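Data block below; observations after.
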């Protein structure tokens, strides 16, 4: 399976109008490569589908927080959904308008709340009663008014991986929808607080829209009850969650189809609809380019060892996630093999695929690990003191260095080796 952004031309894999083999020659491997046009096309698909509805599209920064991607989306009119003070700093660094920012997250610190209030962000999605009181206190101290929504937990089962399901009572996110009205009533009388929204997000990588529509229905019922109590709800935030096809056999919900199914429920309700897509905008627009180091056979087991590792892309190890892996240079004469594709990190969990059938490859060959534009680099680490890869944004024939490859100097920046040895210690 290849996303239409990445195509073979005369047997060589291209991103837009640039051959991946040329990128590897210029920038080395491993490297994350993103298509700017693919990202923009997906954002515009949301805009087109939502036409005629009062809406706000707040890109979920946690999916991919590279400044070049944030700047490209800002230029298209995107708002931003953040979950930390660091993500707000990134939005500001790319020239984003803080008034376009919605601050979600279950554990906001006092410092982060102050930072957000001082920058006058649009609103907070509050995930507990205690958080509402905390924001009220800080807002009063700063002489500000915080616009809030309360994230309700509708007890809808999102059929997805348990680590990215967030909509059941057993999860840490949001407040039980049964307790929401009491919390809203209390919040409506707090100083420094303007209660304007209902928020709901049930999970990520949803290939079926039915759970999303069920959650929307429960949230809209809550809106009606709150309005009947005199609480003027104006905003409905349904989060993100639309999935993408990671396997050739998978089919994801179409953006237009989802919005068309949702539209009758919110049209005419006097609400501004906020959506917070992340994965569905950037995942298919990216891949991880890696080079084969060697092949190894242990008895009947074959390993393809590449220069990328779990510190670069942890999703297969963390989520047992599937990513299609294809050769950058097609050889129709190549034999088929069954192998584990693994990295150099000293962990058995350092793998990208197990028992995967693929064309036979040789040391020096390039492989593309697909659908890694979301939750790829943002989850990367320096485990085993490995350098994090570069990130490249392709725009037609241009290759934009969106993040340079780390150096050994970067690796130890901020560390001290002489603690306790300097005079007077």
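The values are calculated or read from the model by the stated rules, or taken from the named source; none is laboratory data. Small disclaimer: the values here were computed from a predicted structure and weren't measured. Heads up, the Cβs are rebuilt from the backbone with ideal geometry, glycines too, and the neighbour counts pull from every protein chain shown.
Observations on the model:
- Residues of the stretch 188-211 satisfying the condition of being in contact (Cβ under 8 Å) with a residue 60 or more places away in the chain and within 24 Å of residue 137 (Cβ to Cβ): 193, 196, 197, 199
- Taking the numbered list (1) at pLDDT 95 or above; (2) under 28 Å from residue 211 (Cβ atoms) in turn, residue 140 passes all entries but (2).
- Conditions (1) in contact (Cβ under 8 Å) with a residue 60 or more places away in the chain; (2) in a loop (DSSP other than H, G, I, E, B); (3) over 23 Å from residue 59 (Cβ atoms); number of the one not met by residue 347: (1)
- Residue within the stretch 366-376 that is farther than 19 Å from residue 283 by Cβ, over 20 Å from the mean Cα position of the chain (by Cα), assigned by TED's automatic domain parsing to the domain that holds residue 26 and modelled with pLDDT of 95 or more present: yes
- Restricting attention to the stretch 320-339, the residues that are surrounded by 15 or more Cβ atoms within 10 Å (Cβ to Cβ) and either assigned by TED's automatic domain parsing to the domain that holds residue 250 or over 26 Å from residue 11 (Cβ atoms) (or both) add up to 1.
- Identification of helices (runs of 4 or more DSSP H) wholly contained in the stretch 1-105 with 1 or more residues that are in contact (Cβ under 8 Å) with a residue 40 or more places away in the chain and closer than 20 Å to residue 399 by Cβ yields 20-27, 36-49, 67-75.
- Within the stretch 150-175, considering residues that are assigned to a strand (DSSP E or B) and modelled with pLDDT under 90, the one nearest to residue 231 (Cα to Cα): 153
- Filter result for residue 46 (within 25 Å of residue 132 (Cα to Cα), in contact with a strand residue (DSSP E or B) (Cβ under 6 Å, 6 or more places away or on another chain) and buried (at least 18 other Cβ atoms within 10 Å of the Cβ)): no
- Among the candidates 311, 265, 235, the residue that is free of Cβ contacts under 8 Å to residues at least 60 places away in the same chain and at negative phi is uniquely 265.
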